[in-house]
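The values are calculated or read from the model by the stated rules, or taken from the named source; none is laboratory data. Values in this document were obtained by computation on a predicted structure and should not be read as measured data. Backbone-built Cβ (ideal geometry, glycine too); neighbour counts: all protein chains shown. To get the accessible areas, we keep the full protein, side chains included, count just its heavy atoms, and leave off ligands, DNA and RNA. Shrake-Rupley method; radii C 1.70, N 1.55, O 1.52, S 1.80 Å.
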Amino acid sequence: MVSPVTVVKSEGPKLVPFFKATCVYFVLWLPSSSPSWVSALIKCLPIFCLWLFLLAHGIRFLLVHPSASLIFVGLVFSAVGDAFLIWQDHGYFEYGLLMFAVTHILYASAFGMRPLALRTGLVIGVLSGLCYALLYPGLSGAFTYLVGVYVALISFMGWRAMAGLRLVGAAWRWTELAAGSGALLFIISDLTIALNKFCFPVPYSRALIMSTYYAAQMLIALSAVESREPVEDYRLSKAN
């Protein structure tokens, strides 16, 4: 188990480009009403930096750790989704939705199915159902089904990310905390997008969406640094 202090010292410098790119996005704050390839590049730049963050650990690291590889591919789909959403008012919102749906499937696969944590899944399932019920009156046409499927996928990803959290005892690592926190922030970001698009204007929506989104992606990428292992195996190693 690696301590959080060790993580900050070893991984912090590799994340400097990400923080700089995020600052560039918020400082420039290019108007969303005038989409362009420049605004798409600026928006995707922090995600590109997270690609480099994982690649900085070596190609062999990604090959040896399937969960890290899945998160890397998820970041690739995220960047494509970000680019599509730049032109969401020009009919590309559905394509962005599809890219992020694939991202959540990849992330859920990276987080794995152990431990199962059925109670956590039940709570998240109920909350996601309530969120969909809130959005439903504002949905029409294909979005009625597309948003429903997307809510199910991001909720499943959130369940798998939070399943490893153990607030009591030592049977968890900082990777589970990073993954769970990242998934929660991702859900908050996407829920804000949905409320703003289908229900009512959310004050400072863009700032809230992008700040939680970038933080979510950083935490999920950070969770890939230490390879995940089932909690059961960790307990067995302690027993031995």
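Structure data summary
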item: Listed residues 147, 27, 80, most fluctuating in the chain (Gaussian network, C-alpha, under 10 Å); result: 27
item: Point-to-point label distance, residue 184-residue 126, nm (Cα→Cβ direction, 7 Å offset); result: 1.8
item: For the chain: relative contact order, % (alpha-carbon pairs under 8 angstrom, 6 or more apart); result: 19
item: Under-30-angstrom lysine pairs by C-alpha in the chain, whenever the two are 8 or more apart or on separate chains; result: 7
item: Semi-axis lengths (Å, descending) of the ellipsoid that matches the C-alpha gyration tensor of the chain; result: 30, 23, 14
item: Accessible surface, 1.4 Å probe, highest first, among residues 114, 206; result: 114, 206
item: Computed E for residue 33/residue 55 - FRET, C-beta separation, R0 45 angstrom, nearest 0.05; result: 0.85
item: Simple label model, 7 Å out from Cα along Cβ direction - residue 105 to residue 8, nm; result: 3.9
item: Whether the stretch 50-158 is rounded, prolate or oblate, judged on the alpha carbon gyration tensor where a/c under 1.5 counts as rounded; result: oblate
item: Dipole magnitude of the chain about its Cα centre (Cβ charges: Lys, Arg +1; Asp, Glu -1), debye to nearest 20; result: 440
item: Protein-only accessible surface order, largest first, of 90, 104 at 1.4 Å; result: 90, 104
item: Cα gyration tensor shape for the stretch 1-121, rounded if a/c is under 1.5, else prolate or oblate; result: oblate
item: Accessible surface, 1.4 Å probe, highest first, among residues 42, 188, 47; result: 188, 42, 47
item: Estimated inter-spin distance, residue 114 and residue 94, nm [label 7 Å along Cα→Cβ]; result: 4.1
item: Extended-chain gain in nm, criterion 0.36 nm per residue less alpha-carbon gap, residue 142 and residue 208; result: 21.1 nm
